[in-house]
Amino acid sequence: MTHGPGRVLARRFVAGETLDDGIAAAMRLARGGARVSLDYLGEAVSSFGDAEAALAVYREIVDRLRQVEAPVSLSVKPSQFAVDLSRGRCLDLLSEVVRAAARVPAGVRLDMEDSAHTDDTLWLARQLRERCLPVGVVLQAALYRTPADLEAVLATGGSVRLCKGAYAETASIAYPRKADVDAAYARLLERVLANAAAMPAPAAGQLAPAAIATHDERLIHRAIELIHRLKLDPGTYEFQMLYGVRRDLQEKLMGQGYPLRVYTPWGPSWYPYLSRRLAERPANLIFFASSLVSEVLAKRPATSPKPRAGSVRR
Ligand code: FDA
């Protein structure tokens, strides 16, 4: 992140590689009025040793959070806790994360990965709830199955982060057209916020019933209409955005008094996360490519042949 090509871009979307970087970013955001969800980057581990190492890091995060006053929750990916190797072992490891976080107290949410993980992730959330270790979940508007999953989660009183979905899926299970994903998000948003209106505000350190995770201004506008129409208690919902994305909009929402949580990833394994952010927005790829070209040009030895007359250098 400090030397490779496109480092400016990596630094924009990822708080840094060390826990100090993550905590510093969280404190900075908290001073600006935001809540934070810290995500220790890592996914698809291939050994239980790696999963245990991730648990050790989450324990360290919790220790640090106990020393600071900041509204921070945790986001975790089941595949970082070896769900692909063993659901049972993953459940035990995640139980440890939630128990540790309860000491802050900080809420924990399971991120939603690609569709190969949807059943496992919802199963983990149900099992954790049965162990009296409730976690929030994420549901992706892009998947056709989500309305049914949403009803199942709401029936258990679970907290839902609603997002569009960051993974490429086939048309047999997910809307291929963005307009349809947006329309599905709008429908699900109504259901999530209507449910929040019927829920009590959570205790300190617990997750709000509804998390509206999008940077889409039309959907945010729609959410604000619903929040007012349903007279939602501000404890029952929050907007959520990604670190480094639409900071102007983040400021604007907070300035208007809406609760906002910034999903703040950090850690050395930032590449897959960054790739998803690049894929989401072609302009990021153009920016990435142009910074790569500038770096290559800057590194060319001074003796490099000059461009021929008439050739174009962009
Ligand atoms: P959309 O893609 O329509 O973007 C709306 C506007 O936001 C764009 O026009 C642009 O201005 C800005 N924008 C969006 N993405 C950008 C980017 N990468 N760089 C720069 N600008 C960008 N997904 C998932 O599958 N599982 C998960 O667990 C999560 N978790 C999660 C947490 C939080 C807090 C957020 C905000 C998002 C997620 N996501 C996620 C990602 C989500 O599914 C989705 O891929 C992105 O949020 C982009 O979709 P938008 O809703 O922002 O809309």
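The values are calculated or read from the model by the stated rules, or taken from the named source; none is laboratory data. All values reported here derive from a predicted model rather than from experimental measurement. Side chains included, ligands, DNA and RNA excluded: accessible areas come from the protein's heavy atoms. Shrake-Rupley method; radii C 1.70, N 1.55, O 1.52, S 1.80 Å.
Worth a mention:
- Solvent exposure of the chain as accessible area per residue, Å², 1.4 Å probe: 48 Å²
- Under the criterion of Cα pairs below 8 Å and six or more residues apart, the relative contact order for the range 223-301 equals 22 percent.
- Expressed to the nearest 5 percent, the antiparallel share of DSSP beta bridges inside the chain is 5 percent.
- The range 4-298, Cα convex hull volume normalised per residue, Å³: 132 Å³
- Taking amide H atoms as placed 1.01 Å from N in the peptide plane, the amide H of Ser73 lies under 5 Å from those of Val36, Ser37, Leu38, each 5 or more residues away in sequence or on another chain.
- Between 0 and 90°, nearest 10: helix 48-66 axis offset from the chain longest Cα axis: 80 degrees
- Karplus 3J(HN,Hα) series, Hz, for the range 90-101 with 6.51 cos²θ - 1.76 cosθ + 1.60 (x for Gly, Pro): 4, 4, 5, 5, 5, 4, 5, 4, 5, 4, 5, 5
- Percent RCO, i.e. relative contact order, over the chain, from Cα pairs under 8 Å lying at least 6 residues apart: 23 percent
- Counting only alpha carbon atoms, the long axis of helix 146-155 and the longest principal axis of the chain meet at about 40°.
- Between helix 271-280 and the chain there is an angle of about 90 degrees, using the helix long axis and the longest principal axis of the Cα atoms.
- Carbon plus sulfur fraction of accessible area for the chain, probe 1.4 Å, in percent: 55 percent
- Couplings for the range 205-220, taken from phi via the Karplus curve 6.51 cos²θ - 1.76 cosθ + 1.60 with θ = phi - 60°, read x, 9, 7, 5, x, 10, 10, 9, 9, 6, 10, 7, 5, 5, 6, 5 Hz in order; Gly and Pro are left as x.
- Accessible-area rank, largest first, for Thr156, Thr264: Thr156, Thr264, with all protein chains present and a 1.4 angstrom probe.
- Within the straight-line cut-off of under 12 Å between alpha carbons, the aspartates and glutamates reachable from Lys77 are Asp39, Glu43, Asp111, Glu113, Asp114, Asp120, sequence neighbours fewer than 8 places apart in one chain being disregarded.
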